Amino acid sequence: EKGGHDYFMLKEIAEQPKAVADTLLGRLTPQGRLRLDEMRLSHDELREIDKIVIIACGSAFYAGLTAKYAIEHWTRIPCEVELSSEFRYRDPILNRATLVIAISQSGETMDTLMALRHAREQRARVLAICNTNGSTIPRESDAVLYTHAGPEVGVAATKTFLTQVVACYLIGLYLAQVRESKFGDEVAAEVDQLDRMPAAVRAVLGTMADIRALARELATAKSVLFIGRHVGYPVALEGALKLKELAYMHAEAFAAGELKHGPIALIEEGLPVVVVVPPRGRDVLHDKIVSNVQEIRARGARTIVLAEEGDESVVPWADTLIRLPRVPTLLQPLVATVPLQIFACELAMARGNDVDQPRNLAKSVTVE
Ligand code: BG6
């Protein structure tokens, strides 16, 4: 049942290329258009939307934070991302022109369910992204886009996180297509890139020996920091969450630009810091992050750097260098998250933890 793996989580990490491919299956046309037959919202309704609010908990929340960058870029519709448990208690401003996207693997998370009920009471349209057919959240939503990750047994989300990001991207590109946004013409190119992601995820899975060895070395570390910028920031957050959930270690993520506004004071000799470096190309952020790596290294941090193939700029400052396949910036989270899942899983195993059933956690939390 675990397909030769010691834990379901390891099997589910390995299944990610297929999970991503299955979530794309039947939704991309050879003409580079998207077909989302499940989007029961009419084109007129989709054209009316003037605000998107993503609600979710845990890893699904980080999938939403990742998606915000892509959705706003492609659609030019303002997109907020909020924890389900905070959402309704601040009396959010919602109306018919608000599209609320509720992301939930299980479809049963009570915080998200209550948030979506509140949104519907305010007459917002609710679209669910869910991995569990016929569960409560999709049943109570106006429409649903299923992730096709297959059942996920490990409590910590892995393949469902990746497919939630993919589903959000499909929605973003679909909105751009329907609304003929300024970006509309480029949808075909993005669809083509998305289609290459299963192979990219497979490639990154093939190069995980170094991160496994490193995790075993760091099994007694007190704390690990994660930094990233742009979509690399939610990747850092997800990496830190995985480490807390599985290894029961203190882990914290920061937007790299914030380092100088406080967290850099935490850097001391030997502190492991994981850095998600954006692709080079036209990305001005790349050079800023490389400076951050230099700064923290100069203060004694043990740097664990995730950077794309061929990026030599980080080599002098990386104590450990993890290579990522070359993909467009917005798609980098789909490859950059994978080594962080393995890092957390391996560290947890080195510490003797049950990675499928971490203490105090449940796969789906049906109380508020
Ligand atoms: C937590 C799980 O309780 O709920 C996380 O441990 C998950 O892995 C989060 O990300 C949200 O769950 P769901 O089912 O709403 O995506």
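The values are calculated or read from the model by the stated rules, or taken from the named source; none is laboratory data. Here the structure is a predicted model, which is why all the values come from computation and not from measurement. Positions of Cβ are generated from backbone atoms using ideal geometry, with glycine treated the same way; all protein chains shown enter the neighbour counts. Keep in mind that these areas ignore ligands, DNA and RNA; they rest on the heavy atoms of the full protein, side chains included. Shrake-Rupley method; radii C 1.70, N 1.55, O 1.52, S 1.80 Å.
Put simply, the chain fits an ellipsoid with semi-axes of 32, 23, 20 Å; these come from the alpha carbon gyration tensor as the roots of five times its eigenvalues, largest first. Working note: 222 nm ellipticity from helices only, DSSP H runs with n ≥ 4, each -39,500 (n - 2.57), summed and divided by the residues of the chain, gives -13000 deg cm²/dmol to the nearest 500. Viscosity 1.002 mPa s, temperature 20 °C: Stokes-Einstein D of the stretch 10-82 from its Kirkwood Cα radius, in µm² per second? Result for D is 147 µm²/s. Restricting the calculation to Cα atoms, the stretch 300-368 shows an Rg/Rh of 1.11 when the hydrodynamic-style radius is the Kirkwood one.
Surface calculation, 1.4 Å probe, protein heavy atoms: residue 264 sits at approximately 40 Å² accessible.
Considering only protein heavy atoms, with the full assembly of protein chains and a 1.4 angstrom probe, order 161, 254 by accessible area, largest first.
254, 161
Projecting the Cα positions of 291, 341, 325 onto the charge dipole of the stretch 280-368 (unit charges on Cβ atoms of Lys, Arg, Asp and Glu, taken about the Cα centre) puts 291 furthest along the positive direction.
For the pair residue 97 and residue 265, label points projected 7 Å from Cα toward Cβ lie 4.4 nm apart.
Counting only protein heavy atoms and using a 1.4 Å probe, the accessible area of residue 317 comes to about 80 Å².
Can you give the accessible area per residue of the chain, in Å², using a 1.4 Å probe?
Details: 14770 Å² over 368 residues.
Counting only protein heavy atoms, the per-residue value for the chain is 40 Å².
With 0.36 nm allotted per residue and the present C-alpha distance subtracted, the residue 319-residue 117 stretch has 67.9 nm of extension available. Bridges between two residues of the chain, per DSSP, are antiparallel at a rate of about 0%.
Within the chain, which DSSP H helices have Cα atoms that stretch 27 Å or more along the helix axis and a mean Kyte-Doolittle hydropathy of at least 0.5? Helices meeting the span and hydropathy rule in the chain are 159-179, 332-350.
In this calculation the C-beta distance from residue 216 to residue 295 is compared with R0 = 35 Å, giving a FRET efficiency of 0.80. Please tell me which of these pairs span more than 30 angstrom C-alpha to C-alpha: 11/51; 18/288; 11/288; 159/222? Violating the 30 Å limit, Cα to Cα: 11/51; 18/288; 11/288. For the options 66, 109, 29, a Gaussian network treatment of the chain with springs between C-alpha atoms closer than 10 Å singles out 29 as fluctuating the most. Shown are 44, 283, 356, whose ranking by accessible area with a 1.4 Å probe and every protein chain present, most to least, is 44, 283, 356.
Semi-axis lengths, largest first, of the ellipsoid equivalent to the stretch 121-218 are 30, 22, 11 Å, with √(5λ) applied to each eigenvalue of the Cα gyration tensor.
Stick to Cα atoms and the Kirkwood definition of Rh, then tell me Rg/Rh for the stretch 243-368. For the stretch 243-368, the value is 1.01. Entry note: the stretch 69-144 has Rg to Rh equal to 0.95, where both radii use alpha-carbon atoms and Rh is the Kirkwood radius. Computed over protein heavy atoms with a 1.4 angstrom probe, the accessible surface ordering of 288, 51, 18, largest first, is 18, 288, 51. Only protein heavy atoms count here; under a 1.4 Å probe, residue 287 has an accessible surface of about 100 Å².
For the stretch 16-150, just run the numbers: alpha carbon Rg, then divide by 2.2 N^0.38 Å, N being how many residues it has.
1.00
Reducing the stretch 280-308 and the stretch 117-182 to their Cα centroids gives an inter-centroid distance of 33 Å. Taking each residue as 0.36 nm, the span from residue 209 to residue 35 lengthens on full extension beyond its C-alpha to C-alpha distance by 58.8 nm.
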